[in-house]
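This report concerns only the one structure given below.
The values are calculated or read from the model by the stated rules, or taken from the named source; none is laboratory data. Because the structure is a prediction, the values reported are computed rather than measured. Glycine gets a Cβ as well: all are built from the backbone with ideal geometry, and neighbour counts include every protein chain shown. Heads up: the accessible areas ignore ligands, DNA and RNA and are worked out on the full protein's heavy atoms, side chains in. Shrake-Rupley method; radii C 1.70, N 1.55, O 1.52, S 1.80 Å.
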Amino acid sequence: MPENRVILVTGSTDGIGYETARLLAAGDATVVVHARNEEEGSTACQRLVNSGVDPRRLDPAVADFADLRQVAEPRHRGRRHLPAP
């Protein structure tokens, strides 16, 4: 796999999305952790870190993808890895 991978995982606050984010971040990828609100995103990131994930591999993003404006401009607390649409 290519180095310096950045992967957006939608719905990464629970279920399959959370487990996918955990496995990818435990590997060599930086994961953009998608959440619908700040609280869910913070909780998911803390759970990921508590499970052993390096916090430098996480890049939280808040967006409600039912709102098309937010799809185009997710709010990141960290770095901006995704190119503009």
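May I ask for the Rg/Rh ratio of the range 1-61, computed from Cα atoms with Rh as the Kirkwood radius, given to two decimals? Kindly include the intermediate steps, with their values, before the conclusion.
Values: Rg = 10.2 Å, Rh = 11.0 Å.
Rg/Rh for the range 1-61 comes to 0.93.
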Notebook entry, point to check: With a sphere of radius 13 Å drawn around the Cβ of ARG47, what net charge do the other residues whose Cβ falls strictly inside it have (Lys, Arg +1; Asp, Glu -1)?
Noted result: -3
Note to self: Quick query: amide H of ASP64 versus all other amide H atoms, modeled in the peptide plane; which residues come in under 5 Å with a sequence gap of 5 or more or a different chain?
What the structure shows: none
Check: Going by accessible area, probe 1.4 Å, with all protein chains left in place, what is the ranking of LEU24, LEU48, largest first?
Finding: LEU24, LEU48
Notebook entry, point to check: Where does the charge balance sit around ARG22 when Lys and Arg score +1, Asp and Glu -1, over other residues with C-beta under 12 Å from its C-beta?
Noted result: -1
